[in-house]
Amino acid sequence: YRLVSTESELNPIRYNYASKVGTKVVNIKDGFNMVDFLRYSDEGQLLGYVSCYVDEVTGGIDTISELEYIYEDSVLVGYREKAEFMGQVQETEHAYHYNADGRIDTVRCEAFDEVTVYTYNAEGLLVEKTVGYDYDGVVEFESKEVYTYADNNLVTIGYMSLDWETEEPSFSLTEEKVYEYDNLGNVISAKSYECYYDEDNDTLIKNLWTGV
């Protein structure tokens, strides 16, 4: 099996492959005419991708951003990204650090003093991704994603942000994605919920969005 599309009212996504039976994705197109064109080495190693806007009327293609993966001795150690924003081109570089199990545990972007920390469970599954900023050697975390699993299948992603209005700043759930699977382990449903805490009734409220 291979993934060919994700159906969503807001943003359906299509995956195109190099051949009818292969698994090498060559481009990914979303519902807003954005296309990621993937680049590979002769040995099949993913080198990066170019994100473009494709005008369906004229056929014109505008490059929005470019991403290049950085390898050392065939090990992925980071990536460089070039993107245009408000008429200006910005270039950044992200560096990976691995833990003793060979999994990425930290990603740093010096341009923004951004630090991303990854936490895994005993089975090696990602359970938390926390993003913060380095202020003169002290990292203050401002957002996180929490992952839960069932039979090694990802079932929820909770998006949390730091709530500064509380007496002691803490993370609060702002969005949640929920996935369902068939008997073969293929995703058959993905739903997204907007979340907020109702202080008056001491209840967490989740409102279903029409698309993911």
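The values are calculated or read from the model by the stated rules, or taken from the named source; none is laboratory data. These figures come from a predicted structure and were not determined experimentally. Because the Cβ atoms are built from the backbone with ideal geometry, glycine has one as well, and the counts that use them run over all protein chains shown. Side chains are part of the model used for accessible areas, which takes the heavy atoms of the whole protein and leaves out ligands, DNA and RNA. Shrake-Rupley method; radii C 1.70, N 1.55, O 1.52, S 1.80 Å.
General remarks:
- Residues of region 116-136 that turn out to be under 25 Å from Tyr149 (Cα atoms), open to solvent by less than 90 Å² (accessible area, probe 1.4 Å) and in contact with a strand residue (DSSP E or B) (Cβ under 9 Å, 6 or more places away or on another chain), as a count: 14
- Qualifying residues in region 198-211 (those that are under 28 Å from the mean Cα position of the chain (by Cα) and at pLDDT 90 or above) - the one farthest from Asn11 (Cα to Cα): Leu204
- Test: residue in region 89-101 that is over 30 Å from Arg39 (Cβ atoms), surrounded by fewer than 14 Cβ atoms within 10 Å (Cβ to Cβ) and out of contact with any Ser or Thr (no Cβ under 6 Å at 6 or more places or on another chain): yes
- Residue count for region 11-40 satisfying the condition of being among the β-branched types (Val, Ile, Thr), open to solvent by less than 40 Å² (accessible area, probe 1.4 Å) and in a loop (DSSP other than H, G, I, E, B): 0.
- The residue that is farthest from the chain's Cα centre (by Cα), counting only those in region 63-90 that are charged (D, E, K, R) and modelled with pLDDT of 95 or more, is Glu72.
- Summed over region 48-62, residues that are surrounded by 13 or more Cβ atoms within 10 Å (Cβ to Cβ) and either of a type in the set (D, E, K, R) or within 20 Å of the chain's Cα centre (by Cα) (or both) total 6.
- Verdict on Leu184 being touching a residue at least 60 places away in the same chain (Cβ under 8 Å) and open to solvent by 50 Å² or more (accessible area, probe 1.4 Å): yes
- Among the candidates Ile104, Ile70, Ile64, the residue that is in contact with a strand residue (DSSP E or B) (Cβ under 7 Å, 6 or more places away or on another chain) and touching a residue at least 24 places away in the same chain (Cβ under 8 Å) is uniquely Ile64.
- When region 63-78 is filtered for residues that are open to solvent by 40 Å² or more (accessible area, probe 1.4 Å) and either part of a strand (DSSP E or B) or not polar (S, T, N, Q) (or both), the ones remaining, listed by number, are Thr63, Ile64, Glu66, Glu68, Tyr69, Tyr71, Glu72, Asp73, Val75, Leu76.
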